[in-house]
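K.L.:
Shown below is the structure under consideration.
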Amino acid sequence: MIDSRIDKNDDNTNIGFFKESVKEFIESRKWTKYHTPQNLIQAMNIELSELSELFLFRDLEKKDILQDKTLFKNIKDEVADVFIYLISFINTLNIDLTLAFNEKMNSNRERYSNKEFYDGKYYKKNSKKSKK
């Protein structure tokens, strides 16, 4: 049985909790055969589209989102849907998320060094895409 205590939050929950919770949920319903990499990517795209739809034709600032309790709940629900499918994708391919994260962050630190990207611009100064 998965621990679903309400006192769990980002400060006291590790990734293993999420991986095991999603795995147990899917296996107990015998949905594993549907959780293929392709299906999970498509499901994440659908859920991201639903999240994006909440912002469609609206120029929302952070304060507007936080003050609209219904909107904020809907955003959290869609983010959770994306996250659940992402965790299932990770489980399906046996990805070590911490290792993948650390490898990618190290790569990003090299690619986007503080020395070169110190001014808040999101491009390399000598690249063809840079604006003069």
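K.L.:
Given (1) loosely packed, with under 13 Cβ neighbours inside 10 Å; (2) more than 20 Å from the chain's Cα centre (by Cα); (3) at pLDDT 95 or above, where does Lys125 come up short, assuming only one miss?
P.N.:
The single condition Lys125 does not satisfy is (3).
Per-residue answers, yes or no, for (1) surrounded by 11 or more Cβ atoms within 10 Å (Cβ to Cβ); (2) assigned to a helix (DSSP H, G or I); (3) modelled with pLDDT under 95:
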position	(1), (2), (3)
Asn45	yes, yes, no
Leu48	yes, yes, no
Lys63	no, yes, no
Ile75	yes, yes, no
Glu103	yes, yes, no
Arg109	no, yes, yes
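K.L.:
In addition: Mind counting the residues in the range 11-26 that are more than 16 Å from Leu86 (Cβ to Cβ) and surrounded by 12 or more Cβ atoms within 10 Å (Cβ to Cβ)?
P.N.:
Residues meeting the conditions: 1.
K.L.:
Would you check which residues across the range 77-101 are part of a loop (DSSP other than H, G, I, E, B) and free of Cβ contacts under 8 Å to residues at least 12 places away in the same chain and list them?
P.N.:
The answer is Asn94, Ile95, Asp96.
The values are calculated or read from the model by the stated rules, or taken from the named source; none is laboratory data. Because the structure is a prediction, the values reported are computed rather than measured. Positions of Cβ are backbone-derived with ideal geometry, glycine not excepted, and every protein chain shown enters the neighbour counts.
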